[in-house]
Amino acid sequence: MCGIVGYAGNRQAPSLLLEGLKRLEYRGYDSAGMAVAVNGQIERRRAEGKLANLESLIQKDPIKGVVALGHTRWATHGKPSEENAHPHADCSRSLVVIHNGIIENYVELKDALLAKGHRFESETDTEVVAHLIEEKLKNLRPQPMPDLNEPLLFEATRLALGDVRGAYALAVLWSKAPGVIIAAKTASPLIIGLGQGENFLASDIPAFLAHTRKAVFLEDGEMAVLKADRCTYFNLAGKRLEKTPVQIQWDRTMAEKAGHRHFMLKEIYEQPSACEDTLRGRFFPLKDALEREAGLPAYVMKDARSIYMVACGTAYHACLVGKYWLERLAGIPVHVETASEFRYRETMLGKEDLVVTVSQSGETADTLAAVRLAKERGAKVLAICNTVGSAITRAADFNLYTHCGPEFGVASTKAFIGQLAAMAVFSLHCALARGKMSEPQARELVDELLKVPGQIRAALKLEPKIKEIARRYFKKEHFLFIGRYVNFPVALEGALKLKEISYIHAEGYAAGELKHGPIALIDPDMPVVAIATRSRVAEKTVSSIQEVKARGAEVIALVTEGDPKLKGVEHQLALPAATELLSPLINTIPLQLLAYHIADLRGCDVDQPRNLAKSVTVE
Ligand code: AGP
């Protein structure tokens with residue numbers, strides 16, 4: 001998730017764009033850059049690190065111009081660096097592109113462009129688009145048009161996007177087409193801000209809200225030609241479109257949270273795209289996809305004696321789900337450990353084992369220490385991480401990134417869904433590498449995985465009902481969460497979400513464990529959240545529900561749409577039918593929403609709960 005801004009008008013663009021980029025820093029900030037088209041040239045300034053570094057660079061070495069592009073990066077392909085910072089240029093350095101999204105087929109496009117003699121300066125997928133447009137311009141015959149170059153640039157960009165597969169919100173500037181920005185959108189947000197004698201484009205509203213509240217939201221497959229005095233719209237077939245502007249009512253703070261009251265709720269609603277973006281580009285072509293995406297060769301998965309997974313908190317729960325998946329699909333022994341314990345145990349880990357570590361921040365001290373221990377033992381390490389260039393990713397041998405964008409809520413939500421999606425990608429490719437799954441079987445699982453973002457969207461529609469349930473129970477001081485099989489870790493995660501933002505004592509338990517002690521706790525003042533969606537063990541979970549009902553508990557049950565109602569269960573949240581193995585990606589959603597609304601009703605600081613830090617960088 002990156003921040004994109006563009007301006008075409010009659011004021012000096014650099015200061016306007018810097019101001020806009022500051023409003024988008026919540027979207028990404030490992031590097032930043034800007035470009036203006038002036039005097040037949042493109043002037044670029046780019047800097048690694050925080051936006052302030054770009055600002056001081058521009059103060060030292062100013063650029064001037066009234067048409068410009070700006071970008072803050074949250075790296076997906078290529079480490080944070082000046083070379084990888086946007087805008088990216090073509091060979092002639094006269095055309096630049098900024099981009100938010102993922103070009104799935106960038107490797108094959110880059111190979112073809114290299115074969116035609118194009119020279120690349122970065123490791124990013126984005127740079128491919130600049131060279132692709134350059135290549136199309138070479139082949140386009142100049143059209144007899146009054147303003148010759150604007151249609152050329154539009155047509156070349158349109159043709160280039162015809163070769164691109166993936167998600168993009170992008171903008172293009174060419175020194176030979178001064179005064180015009182070409183923009184295009186598929187799967188990543190891009191909004192036009194319509195001013196008086198000036199126009200803006202941005203990934204998100206806060207970037208231009210100080211200058212105009214009149215906005216046009218581009219839809220997938222749409223393009224815009226942005227100039228100071230007008231903006232015209234087209235589809236990817238080049239057909240002219242009429243777009244109706246809307247008036248933005250939000251203030252800036254609301255806009256940064258997309259109208260939600262807290263970052264946590266905004267991030268809960270970003271989970272369909274976090275899942276989509278993490279799955280994107282990792283199955284087509286299936287063969288060697290992990291080598292392409294994570295540098296992880298198939299033989300490492302094939303030859304591994306066992307897999308050790310180490311992580312903390314929510315990331316640890318993602319590993320617990322992964323254990324069920326890997327044992328079921330890949331037939332490999334899996335040991336899951338909290339990093340804080342692993343680093344002090346007499347572990348049997350050896351160089352024949354593969355270590356998988358999961359971390360949103362990539363900076364968790366215990367997890368980093370566990371990775372270093374694994375390396376000392378000669379084991380190879382795969383990091384599943386949301387932060388490119390973080391300490392854990394630098395220590396690991398292979399990196400499979402979740403593409404969730406920055407997560408600001410201390411309670412991890414979209415990162416967890418991204419971790420599960422990445423874990424599913426890894427489990428599938430591990431099963432293929434070990435010959436435990438055929439390609440047709442893998443494609444069937446991919447088809448099921450690609451349904452998950454839609455199923456998450458359906459689960460989010462339960463929010464009003466969940467809010468009602470939260471109103472009934474927010475004053476309780478104890479909760480029990482129970483689940484079985486792949487949903488046992490979901491029960492743990494649901495309990496963690498509730499306890500860390502509402503400060504209510506909540507425990508997650510394997511439902512089958514109730515009779516071995518916890519059932520002694522049950523009484524009407526201890527609501528029980530039971531995950532009883534369709535599964536091979538659903539009947540057993542229903543028995544557990546009856547056990548707690550018999551002892552006076554009130555039950556909130558997650559069930560599957562269309563299944564018979566559970567007798568005597570007060571609250572039943574019906575979720576879309578999903579493949580059992582993948583149900584944790586959907587069942588987690590209502591538990592996050594329940595925790596959020598209970599905490600909100602208790603007046604807790606949902607985004608920054610007491611005693612907690614977003615990244616625990618100390619032991
Ligand atoms: C999650 O809600 C918690 N805030 C916490 O458990 C977190 O998952 C844990 O600290 C690990 O962080 P990491 O993913 O950045 O390594």
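When you go through PHE474, PHE408, PHE481 one by one, which is the residue that is touching a helix residue (DSSP H, G or I) at 6+ places or on another chain (Cβ under 8 Å), within 23 Å of GLU570 (Cα to Cα) and open to solvent by 30 Å² or more (accessible area, probe 1.4 Å)? Talk me through it step by step, then tell me what you get.
Values: PHE408 fails: within 23 Å of GLU570 (Cα to Cα); PHE481 fails: open to solvent by 30 Å² or more (accessible area, probe 1.4 Å).
Among PHE474, PHE408, PHE481, only PHE474 is touching a helix residue (DSSP H, G or I) at 6+ places or on another chain (Cβ under 8 Å), within 23 Å of GLU570 (Cα to Cα) and open to solvent by 30 Å² or more (accessible area, probe 1.4 Å).
Checking each residue in region 187-202 for being open to solvent by less than 20 Å² (accessible area, probe 1.4 Å) and not in a loop (DSSP other than H, G, I, E, B) picks out ILE191, ILE192, GLY193, ASN199, PHE200, LEU201, ALA202.
So, in region 340-386, of the ones that are among the acidic types (Asp, Glu) and away from the ligand (no atom under 15 Å from the Cβ), which residue ends up farthest from GLY313 (Cα to Cα)? Lay out the reasoning, then the answer.
Residues of region 340-386 among the acidic types (Asp, Glu): 341, 346, 352-353, 363, 366, 376.
Still in the running and away from the ligand (no atom under 15 Å from the Cβ): 346, 352-353, 376.
On the way: GLU346: 22, GLU352: 27, ASP353: 23, GLU376: 24 Å.
Among them, the one singled out is GLU352.
When you scan region 561-570, do you find a residue that is open to solvent by less than 10 Å² (accessible area, probe 1.4 Å), touching a strand residue (DSSP E or B) at 6+ places or on another chain (Cβ under 9 Å) and away from the ligand (no atom under 16 Å from the Cβ), even just one? No, region 561-570 contains no residue that is open to solvent by less than 10 Å² (accessible area, probe 1.4 Å), touching a strand residue (DSSP E or B) at 6+ places or on another chain (Cβ under 9 Å) and away from the ligand (no atom under 16 Å from the Cβ).
When LEU449 is tested against (1) open to solvent by less than 10 Å² (accessible area, probe 1.4 Å); (2) within 15 Å of the ligand (Cβ to nearest atom); (3) under 22 Å from ALA187 (Cβ atoms), only condition (2) is not met.
Each row is one residue, and each column tells you yes or no for (1) hydrophobic (A, V, I, L, M, F, W, C); (2) surrounded by fewer than 24 Cβ atoms within 10 Å (Cβ to Cβ); (3) more than 30 Å from GLY603 (Cβ to Cβ); (4) more than 20 Å from the chain's Cα centre (by Cα).
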residue	(1), (2), (3), (4)
LEU382	yes, no, yes, no
ALA422	yes, no, yes, no
MET437	yes, yes, yes, yes
ALA442	yes, yes, yes, yes
ILE456	yes, no, no, no
ALA470	yes, yes, no, yes
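Note on region 169-186: residues that are in contact with a Leu (Cβ under 9 Å, 6 or more places away or on another chain) and not in a strand (DSSP E or B) total 4.
For region 594-608, the criterion of being without any contact (Cβ under 8 Å) to a residue 24 or more places away in the chain, closer than 30 Å to ALA370 by Cα, within 16 Å of the ligand (Cβ to nearest atom) and in a loop (DSSP other than H, G, I, E, B) is satisfied by no residue at all. Close Cβ contacts (under 6 Å, 6 or more residues apart or on different chains) running from residues in region 296-318 that are more than 16 Å from the ligand (Cβ to nearest atom) to residues that are acidic (Asp, Glu) and open to solvent by 20 Å² or more (accessible area, probe 1.4 Å) comprise PRO297/GLU291; ARG305/GLU352. The strands (runs of 3 or more DSSP E) located wholly in region 249-361 that include 2 or more residues which are open to solvent by 30 Å² or more (accessible area, probe 1.4 Å) and at pLDDT 95 or above occupy 334-338.
Looking for whichever is within 27 Å of the chain's Cα centre (by Cα), of a type in the set (D, E, K, R) and crowded, with 17+ Cβ neighbours inside 10 Å here; the options are GLU83, GLU48, GLU43. Which one fits? Lay out the reasoning, then the answer.
Numbers: GLU83 fails: crowded, with 17+ Cβ neighbours inside 10 Å; GLU43 fails: within 27 Å of the chain's Cα centre (by Cα).
Of the residues listed, the single one that is within 27 Å of the chain's Cα centre (by Cα), of a type in the set (D, E, K, R) and crowded, with 17+ Cβ neighbours inside 10 Å is GLU48.
Within region 403-425, the residues that satisfy the criterion of being within 16 Å of the ligand (Cβ to nearest atom) and not in a loop (DSSP other than H, G, I, E, B) are LYS414, ALA415, PHE416, ILE417, GLY418, GLN419, LEU420, ALA421, ALA422, MET423.
Run down GLU463, GLU493 and say which single residue is among the acidic types (Asp, Glu) and away from the ligand (no atom under 16 Å from the Cβ).
GLU463
Yes/no per residue for (1) out of contact with any Cys (no Cβ under 9 Å at 6 or more places or on another chain); (2) at pLDDT 95 or above:
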residue: THR367; (1), (2): no, yes
residue: ALA374; (1), (2): yes, yes
residue: ALA383; (1), (2): yes, yes
residue: THR387; (1), (2): yes, no
residue: ALA391; (1), (2): yes, no
residue: PHE398; (1), (2): yes, yes
residue: HIS403; (1), (2): yes, no
residue: PRO406; (1), (2): yes, no
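The values are calculated or read from the model by the stated rules, or taken from the named source; none is laboratory data. Values in this document were obtained by computation on a predicted structure and should not be read as measured data. Note: ideal-geometry Cβ built from the backbone for every residue, glycine included; neighbour counts use all protein chains shown. Note: areas computed on protein heavy atoms with side chains; ligands, DNA, RNA excluded. Shrake-Rupley method; radii C 1.70, N 1.55, O 1.52, S 1.80 Å.
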